[in-house]
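All of the numbers you see were taken from the coordinates with simple rules; none came from a lab. Note that the coordinates shown come from a computational prediction; the quantities given were computed from them, not determined experimentally. Please note: Cβ atoms are built from the backbone with ideal geometry, for glycine as well, and neighbour counts cover all protein chains shown.
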Amino acid sequence: MKKLITIIIVVLILLGAVIFEQITINNYLNEIQDMTEELITISTGTENIQTDEIREKVATLKETWIHHEEILCIFANHKDMRDLCIEIQKLEGNIEVNQYEDFTASLRVIYHLADDYHKIMGTSWQNIF
Amino acid sequence: MLTLIIRSLIIYFVVLIVFRLMGKRQLGQMQPFELVLTLILADLATIPMAEMSVPLVHGIVPLLALLVIHYVITILAKHFPKFSEVFSGKPVIVINQNGIDYKAVQKLNLSIEDIMESLRSAGYFSPDEVLFAIMETNGKISVLPKANNTPVTRQDLNIEGEENSVPIAIVSEGKLLNDNFEQIKVEKKQVMDFIASLNVKIKNILILTLDNNGKVYFQEMHKRAQSMDTNLKG
């Protein structure tokens with residue numbers, strides 16, 4: 001009976017971890033993706049990226065990232081998260097020197113790294129096999 | 001470095017708990033599905049321990065998932081014999097009244113030398129001494145010897161004997177083991193009086209055991225052991 005209770009607790013812990021990952025982690029990464037997408041839309045076609053709007057949105061993206069990073073690192077591979085972090089850090093530097101190409105390249109890398117998590121860790125036939 | 005040590009400690013305790021929950025059978029007589037599980041567990045545990053970029057959760061979650069799978073398989077095997085047969089196989093008679101069943105031996109992918117080795121491990125050096133030998137699902141061989149090769153028992157000789165009793169340690173390396181008094185069913189005061197009568201301090205006793213028949217085995221540190229019959233019967 002004691003063993004059965006322990007196994008039930010283990011199953012509940014596993015279910016909890018799965019649900020937490022599916023909801024929270026996906027939400028965090030979706031949030032990062034949405035913000036990046038918005039920045040791509042705003043900056044597309046604009047040669048000058050030194051605008052208040054872009055600065056503000058990049059600052060918000062950075063803040064959101066710092067806020068979510070610790071939780072994300074519990075579930076996601078630290079190397080992937082570090083790559084994402086580096087690209088986010090690059091954005092501010094690119095604005096300072098008005099490097100449009102590098103700025104948009106970084107935004108696309110951020111978008112794809114966040115998207116990769118869904119592709120790699122998501123439950124799909126491709127990932128199972 | 002400290003992080004690595006902490007991660008190793010966490011993994012160590014998780015694996016320890018998982019093995020404890022899987023039961024004692026894991027250590028001695030493993031069924032095929034238990035062997036598979038043990039091999040996977042060992043590998044799973046080392047990945048997050050050595051690789052800092054892999055979250056600890058990536059090691060712990062599969063370990064716990066395997067524990068649940070193992071529990072489910074064990075329960076199913078217990079309740080459904082057919083299921084057990086698929087996962088663990090079934091015992092096979094390799095020696096019968098006609099001698100070695102070569103067909104059965106071949107089915108098990110064993111050689112005659114393997115069977116001879118198992119027989120020798122069981123204490124029988126010739127198949128002629130064996131009436132039946134059964135290869136169990138855990139890979140061990142169980143032997144029923146021929147009547148002439150069976151050891152003589154007290155019953156065969158019509159000798160009445162006292163039932164054996166397990167000696168329980170009362171003092172070990174100078175420490176009184178209070179928890180063991182319940183098992184010997186003798187008053188603690190009686191035992192303490194007996195120890196006092198030996199004129200030895202408890203801290204100087206290497207080992208003192210007592211069984212339910214009142215037999216005491218006693219050894220003082222750095223001295224010869226002695227055994228004696230007492231009236232401390234449980």
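The figures follow:
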read-out	value
Ordering of B:176-183, B:149-156 by packing [mean C-beta count within 10 Å, highest first]	B:176-183, B:149-156
Amide H contacts of B:Lys215 (H built 1.01 Å from N, under 5 Å, at least 5 apart or other chain)	B:Thr230
Dipole of chain B, positive end: most advanced residue of B:Val86, B:Pro32, B:Met49 [Cβ charges, Cα centre]	B:Met49
Unit charges on C-beta of K, R, D, E only; dipole of chain A, Debye	960
Structure-based [θ]222 nm, chain A - -39500 (n - 2.57) summed over DSSP H runs of at least 4, per residue, nearest 500	-27500 deg cm²/dmol
For the range A:1-57, size of Cβ-based charge dipole, Lys and Arg +1, Asp and Glu -1, in debye	800
Sequence-distant residues sharing a close amide H with B:Ile168 (under 5 Å, placed H)	B:Leu210, B:Asp211
Other protein chain Cβ atoms within 10 Å, averaged over every residue that makes up A:72-83	3
Residue among B:Gly123, B:Gly214, B:Gly59 with the largest mean-square fluctuation in a Gaussian network model of chain B, springs linking Cα atoms under 10 Å	B:Gly214
Proximal charge balance of A:Ala105 [Cβ under 11 Å; K/R count +1, D/E count -1]	-1
The protein assembly as shown, dipole about Cα centre (Lys/Arg Cβ +1, Asp/Glu Cβ -1), debye to the nearest 20	2400
Tensor-based shape of chain B (alpha-carbon gyration tensor, a/c under 1.5 rounded, otherwise prolate or oblate)	oblate
Label-to-label distance, nm, for residues given as B:Ala196 and A:Glu31 (7 Å Cα→Cβ offset)	7.3
CD proxy at 222 nm, helix term only [per DSSP H run n ≥ 4: -39500 (n - 2.57); per residue of chain B; nearest 500]	-13500 deg cm²/dmol
Given charges at Cβ of Lys, Arg, Asp, Glu: the protein assembly as shown dipole, positive-most of B:Asn148, B:Ser118, B:Leu76	B:Asn148
Top positive-direction residue, dipole computed over the range A:26-128 with Cβ charges, set A:Ala105, A:Leu91, A:Tyr117	A:Tyr117
Spin-label proximity, A:Glu53 to the range A:95-111 - amide N less than 19 Å from point 7 Å beyond Cα toward beta carbon	A:95-96, A:98-101, A:103-105, A:107-108
